[in-house]
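The values are calculated or read from the model by the stated rules, or taken from the named source; none is laboratory data. Being a predicted model, the structure only gives us computed values, none of them experimental. Using ideal geometry, Cβ is built from the backbone for each residue, glycine included, and neighbour counts are taken over all protein chains shown.
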Amino acid sequence: MSARQEENALKDKALYEALAADALTYSTFHNGSLDSASQTNSTAAALPKPSTPGRHDSLGATTSAASAASLKQQTTGKLPSLLQYTDIVLMRTSHLFNNPPPTITTCAYCKTNYDNVSIQSDFLPLHPCNHWLHYRCLIWHVTRDDPNHDKCPVCKTPLFEYDGITALTLATRTDVPMGTPHNPSIGAVNPAQVVYEEDCGFIATLIEAAFHTQLRSPSPYPDKSPDLIACFNGVLKAITDQIRPRSAWLKWKTKTGSLLFAMLVAIKMRRYLWERQKGIVETEAWRLWEEGCREMQRGIWEEVARV
């Protein structure tokens, strides 16, 4: 790996740690104990309001409201999103974590004694099938290149709606490598990694082009600063117009996943502005951008709580 590739890899790791920290929902803020490589709030931007129609419901959803919504979800049979499953559904039985029945002593995934592992991880029952796994083993299973990664690895019961972008977020949060094949060849290039890197490069190019477009456009602000929200919306439109992302690691099917992807684009844009356009942080455009980011972060938490 070249020095430039190593530098970009470190930047991407920091970027996804920011995304993972922003995606920490009730498991963190309600003092849960699901494993996390990052247990602090991120200062990274989340996401301004998109230009598409629609709005988020009122802010500040409570745990009791989430529980009420879950009863409706269970009645309709709709599966939760992956992030809803890890941060809401599993946390409902947090009182059972690391306290299995006497007859269960080993993880159903890694086959090791549940309290004798090199990296400590919560040992918990999956819902609804009640198979006991280490949380880290669950995330490892979710992030594999396996068509059954949305199902219990033991009985194949469907557990959640899978999103690649959410799996990537959880992989970063738990410090698990993303997308490792079952039998990787030494030195082999992972095709999924290649497509992912191509998408990331494409998004970075769009961000720079959209920003310079706004520099040439009339400003809506008294200080004549470029409209960052319009810039962001332009990037999202260009991604859609080009039928991207192509990477399975960045795709989604759920609303949670779509919000996390947009959040990821916003964090990439914020990194570009910090590194290449530092003067923007003193402007009215930046202030409004940051407000939009905080609002959308709250919107993601609300969406997760709706399970």
For this session: Can you confirm whether the stretch 136-147 contains a residue that is among the β-branched types (Val, Ile, Thr), surrounded by fewer than 20 Cβ atoms within 10 Å (Cβ to Cβ) and within 25 Å of residue 249 (Cα to Cα)?
Result: no
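This table checks each residue for (1) buried (at least 19 other Cβ atoms within 10 Å of the Cβ); (2) within 27 Å of residue 222 (Cα to Cα); (3) over 23 Å from the mean Cα position of the chain (by Cα).
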| residue | (1), (2), (3) |
| --- | --- |
| 239 | yes, no, no |
| 257 | yes, no, no |
| 269 | yes, yes, no |
| 282 | no, yes, yes |
For this session: State yes or no: is residue 166 of a type in the set (Val, Ile, Thr), modelled with pLDDT under 95 and outside any strand (DSSP E or B)?
Result: no
Seminar exercise, completed: Picking from 117, 89, the residue that is hydrophobic (A, V, I, L, M, F, W, C), assigned to a loop (DSSP other than H, G, I, E, B) and either at pLDDT below 95 or buried (at least 18 other Cβ atoms within 10 Å of the Cβ) (or both) would be 117
Exercise. Taking the condition surrounded by fewer than 19 Cβ atoms within 10 Å (Cβ to Cβ) and either of a type in the set (S, T, N, Q) or closer than 16 Å to residue 200 by Cα (or both), does residue 297 pass?
Worked result: no
Exercise. Assuming residue 179 fulfils every condition listed in (1) at pLDDT below 95; (2) under 20 Å from the mean Cα position of the chain (by Cα); (3) on the phi < 0 side of the Ramachandran plot apart from one, which condition is it?
Worked result: (3)
Exercise. Regarding residue 88, is this residue out of contact with any strand residue (DSSP E or B) (no Cβ under 7 Å at 6 or more places or on another chain) and within 14 Å of residue 174 (Cβ to Cβ)?
Worked result: no
For this session: Give the residue that is farthest from residue 251 (Cα to Cα), with candidates limited to residues of the stretch 190-226 that are acidic (Asp, Glu) and in contact (Cβ under 8 Å) with a residue 40 or more places away in the chain.
Result: 223
Problem set entry | Conditions (1) within 26 Å of residue 259 (Cα to Cα); (2) modelled with pLDDT under 90; number of the one not met by residue 238 | (2)
Exercise. Any idea which of 53, 125, 101 is exposed (fewer than 13 other Cβ atoms within 10 Å of the Cβ) and modelled with pLDDT of 95 or more?
Worked result: 101
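Yes/no per residue for (1) touching a strand residue (DSSP E or B) at 6+ places or on another chain (Cβ under 7 Å); (2) of a type in the set (Val, Ile, Thr):
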{"residue": "84", "(1), (2)": "no, no"}
{"residue": "111", "(1), (2)": "no, no"}
{"residue": "114", "(1), (2)": "yes, no"}
{"residue": "120", "(1), (2)": "no, no"}
{"residue": "126", "(1), (2)": "yes, no"}
{"residue": "136", "(1), (2)": "no, no"}
{"residue": "142", "(1), (2)": "no, yes"}
{"residue": "151", "(1), (2)": "yes, no"}
For this session: Kindly establish whether residue 141 is at pLDDT below 90, of a type outside the set (A, V, I, L, M) and closer than 30 Å to residue 79 by Cα.
Result: no
